[in-house]
């Protein structure tokens, strides 16, 4: 790849990384006490993709060691936000199920971040986001496939 194109793609991913850091910090400030963005992200993952996934599957999705995910899931389970049940397909593993309390915490956390989004929405109205989201989703899909291959 040409040096200028490499620099362009590097700049693109740098901007995405900075956006990620800034948005994570702003969003995490609105989470309930004792809930980190890592905890919220797992709850959100379960809402997006449904429960019944193994801890290993979730760890791979987040590109984390299974031990790290096990700790995160343990915290969520102690708070009653998820339950771990025996895997019906494999008695040796467990599956993660989101509880009603977990769903509520996730929904409330999104709702409580509305003030954080107000100024952003003034600068970037919904039509701008609606035009960008499909492209970002395609990029995420591409990177997901690359990760898994």
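The values are calculated or read from the model by the stated rules, or taken from the named source; none is laboratory data. A quick note: this is a predicted structure, and the numbers were derived from the prediction, not measured. Reconstructed Cβ throughout: ideal geometry from the backbone, glycine too, with neighbour counts over all protein chains shown.
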Can you report the number of residues in region 71-100 which are surrounded by 15 or more Cβ atoms within 10 Å (Cβ to Cβ) and either under 17 Å from the mean Cα position of the chain (by Cα) or under 16 Å from residue 32 (Cβ atoms) (or both)? 11
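Give 66, 94 a once-over and let me know the one that is within 21 Å of residue 41 (Cβ to Cβ), touching a strand residue (DSSP E or B) at 6+ places or on another chain (Cβ under 7 Å) and at pLDDT below 95.
94
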